[in-house]
Each structure stands twice: as structure tokens, then as C-alpha cells.
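The values are calculated or read from the model by the stated rules, or taken from the named source; none is laboratory data. As the structure is a computational prediction, the values presented were derived from the model and not from experiment. Every residue, glycine as well, gets a Cβ built from its backbone with ideal geometry; the counts of neighbours run over all protein chains shown.
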């Protein structure tokens, strides 16, 4: 049986259909997270509580979506973006609630602990529908308890439309800020465009003194969300030694405090000798000069003349040298003969006493430094005893010294031995002092 339909009834049916279409909300757009590489950066925030508005006003539409769907998508996208290994502690708290989900005004649905993407997603998925009143103030009070006992910096992220909440959230935000001081920042996210909601979010951000308010519309893309996460959690690049160069670029980690460094974090080495300025006791070393661990030019023979200027390397220790490091100057510059009374021999023998080796070593070094020099090694005695004995003894002693010098590397062609016995006295043999002066060794230059 057919029933007539009046014109008015038909219009009501059409209106109902149009109304049903008008309230048919679309699923939130797909989201592709952008990876964040936090390596080498300091962690700005160690602990975060996300407060999600699950009150009845969030079931209202905004653009083509439900506000609650937008809010949960923002939280979900944030969870996908935060690096899993960032090392933060997190918790997720809701307020409002559909009575079928819970009659409590606020719940910590994901307890504070090490950030876990899977656990947070599971907790978020359990809240499928919004409802109830808007006790944001109680949720903020609950967050104060959630953060208790945690070290480091804290972030409170509030995702809400901010509608019909009055001033109670402002009082709660003021109270939690007083509890945690500079360790707490607020980051409210407004869902929708309610003027009173925007005003509330701005006021809460202002109370924090750090952090900022933002609209969910500005977190829609992966890059926008990545930038938001960076601002909250990622600080400056780590500079462990405090030299002004981040660890990731520092080629000389562990530089002592206060030491000036170059662009790659290495201590300055102005003279490029391989020893940094702060350790260099000889700054300004010429390029190419080899230096020791203190930055001073090497002086291998220890004569006070650096190797780079030393024309007579390997000078024996203790021998005085000239500006070029050569020891002949110690025997008298420009001299033609050198006399020694302290070269000793065994009594009536030609055996050189060990105490005389140092003198002969120095003379050998002088000859080595002046390869053009040829000398006659002269032996002289006093007049005590037979002349023939003294003549033979002085010759043997002169030859013994020649042999010693040859043993030290002096060419035999540059040396000759001559014994004069008592024939060339330089003092009175009638006195003890005179005789001691006559007993001598003399090196005479040969032209």
C-alpha cells in the first residue's frame, strides 16, 4: 500500500539528508614523518607530558574534520616524529572523556616512562570518542604529579580547542610553573579557530615564560612537525670541551679550557711547527725547522746552537762553541797553536791517563769542525833526567796523542808527531813552577 507524501514532508526528508551530508566528516589527511637526526646535539627537554582534550566540544567539526580526530592525529604524528632513541621520558594524559570510556575527569593513559612509540600509540587508540566536560585545570594539576621526581627540563604540551574552560586553567598553569620554575615550559596547540581558545593558549604560553602556542593547522606537514619537535627537544650542538666548535666538527676534542682554537677545534699553532701555541716555548720558529716537544728548535748536541744553524753537529758535551756551533772558538779564534799542561801521562810512560780524554775529545771535535786544519802534535818535557830519555819519551807521547785523535776520526794526513824533549823550555827549569810549565803538550797549526 502506498502512502501519499506531502510536499512539506518531502522537503523535510531532503533537509534531513542534506544535514546528514553536512555532518559527514572526512578522515584526517595522511602524514609522512620527516626523520630527525639528533646526533651531536644536546637534549633540550628531558621529560614531556602531553595533555589531550577528550571533552565533548572536540566532537564538533572544524573544516571537514572532527576536532578530536585532528587532535589525536597531531599527537600521533608527533609520536611518529620524535626519534625513538632521543632518551626522553614521556606520558599521555587525557581529560573530559566519553562516559563509555571513563567517568574520570582526567586520566594518565600512558604512564611516565622511557618514550615508547608503540605503548603511546596503543594508549591513544583506546580513546576513540570524546565527551564530557572540559576540566583542563585538573589535567594540568595531574601533570604536576606526573613530573614529580624527574630530573632535567620539562615540557607540557596541551592539545585542545580551548572552549568553555574559564580561567581555572590559568590558575593551574601558574601553580605548576611555580613548582617547577625555569625547568618547565608550556607548548599549547590550539585545535580550531575559537577566539577564546586562542586567548587561553596564548595566556598559558605566556605564564611559562618559555615555549609558545601554535595552531594545529601549522603542524599538518611532516616538515612542520619536525621543526616543532626540534624546537621543543633539540638544543645546541654538543661542544664537550667548550672551545666553541661542536663535537661533530671538532678534530681536536678535549682541548684544555681557555685555549684558542681554529675553525676545526684544534689549538692554534701560529708558527706551524706542530706544537700548539699554548705549549710552545719558542714561538715564531722559522718554517721547516724541526722542534722538540716544547716547540723549540732541536739542538741534538746540546751546544746551545739549534740544528738548523749548527755547522758543527755532534759537538761533545761541555765544549764551548761559536755562533755557528763550531768548537774551535773555544781554543781561541785565529790562534796558530794551543798549549795544554793538564794532559797527563803515566809516570815515565807514553800511556795517556783517562782524565785527559775529555781534553783530547774536544780537540778532536775542533779538528772535525775545521777539516782544512792540519797540526803538529808536540811533546815537551822538563830537564830532569837524561836528555836522550826525555827526547824519546816526548816523541812517544806525541805519537800516542796522534793515535788517540785518529781513533776519534781525525784523518792521519792532518796530523804529525814531534818530540822536543827539554829543548824548547818556556819557563825556568830551575824552579818547580817552571818545570811544570815546561811539561806540556802543544798543537801547532801547519800552513
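Tabulated values for the structure
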| quantity | calculated |
| --- | --- |
| Breaking point among (1) at pLDDT 90 or above; (2) closer than 26 Å to residue 321 by Cβ; (3) out of contact with any helix residue (DSSP H, G or I) (no Cβ under 7 Å at 6 or more places or on another chain), for residue 377 | (3) |
| Some residue of the stretch 320-332 being in contact with a helix residue (DSSP H, G or I) (Cβ under 8 Å, 6 or more places away or on another chain), in the same structural domain as residue 441 (by TED's automatic domain parsing), outside any loop (DSSP other than H, G, I, E, B) and at pLDDT below 95 | no |
| Some residue of the stretch 155-163 being assigned by TED's automatic domain parsing to the domain that holds residue 55 and farther than 18 Å from residue 213 by Cβ | no |
| Some residue of the stretch 207-214 being assigned to a helix (DSSP H, G or I), in the same structural domain as residue 163 (by TED's automatic domain parsing) and surrounded by fewer than 16 Cβ atoms within 10 Å (Cβ to Cβ) | no |
| Among (1) surrounded by fewer than 22 Cβ atoms within 10 Å (Cβ to Cβ); (2) within 22 Å of residue 46 (Cβ to Cβ); (3) in contact with a strand residue (DSSP E or B) (Cβ under 9 Å, 6 or more places away or on another chain); (4) without any contact (Cβ under 8 Å) to a residue 24 or more places away in the chain - the single one residue 118 does not satisfy | (3) |
| Whichever residue in the stretch 342-362 is over 14 Å from residue 400 (Cβ atoms) and at pLDDT 90 or above and, among such residues, is farthest from the chain's Cα centre (by Cα) | 347 |
| Hey, residue 151 touching a residue at least 12 places away in the same chain (Cβ under 8 Å), assigned to a loop (DSSP other than H, G, I, E, B), closer than 27 Å to residue 28 by Cα and out of contact with any strand residue (DSSP E or B) (no Cβ under 6 Å at 6 or more places or on another chain) or not | no |
| Test: residue in the stretch 104-112 that is free of Cβ contacts under 8 Å to residues at least 12 places away in the same chain, surrounded by fewer than 20 Cβ atoms within 10 Å (Cβ to Cβ) and either under 17 Å from residue 53 (Cβ atoms) or touching a helix residue (DSSP H, G or I) at 6+ places or on another chain (Cβ under 8 Å) (or both) | yes |
| Within the stretch 378-405, tally of residues that are surrounded by 19 or more Cβ atoms within 10 Å (Cβ to Cβ) and farther than 21 Å from residue 361 by Cα | 4 |
| Filtered residues of the stretch 186-206 (kept if surrounded by 22 or more Cβ atoms within 10 Å (Cβ to Cβ) and under 40 Å from the mean Cα position of the chain (by Cα)) | 186, 187, 188, 189, 204 |
| Test: residue in the stretch 399-419 that is assigned to a helix (DSSP H, G or I), modelled with pLDDT of 95 or more and over 29 Å from residue 313 (Cβ atoms) | yes |
| Strands (runs of 3 or more DSSP E) lying entirely in the stretch 27-133 (those with 2 or more residues that are under 41 Å from the mean Cα position of the chain (by Cα) and at pLDDT 95 or above) | 47-54, 89-96, 106-114 |
| Test result for residue 294, in contact with a helix residue (DSSP H, G or I) (Cβ under 8 Å, 6 or more places away or on another chain) and either modelled with pLDDT of 85 or more or assigned by TED's automatic domain parsing to the domain that holds residue 408 (or both) | yes |
| Flag for residue 447 being over 20 Å from residue 315 (Cβ atoms) and modelled with pLDDT under 95 | yes |
| Hey, residue 163 under 25 Å from residue 217 (Cα atoms) and surrounded by fewer than 22 Cβ atoms within 10 Å (Cβ to Cβ) or not | yes |
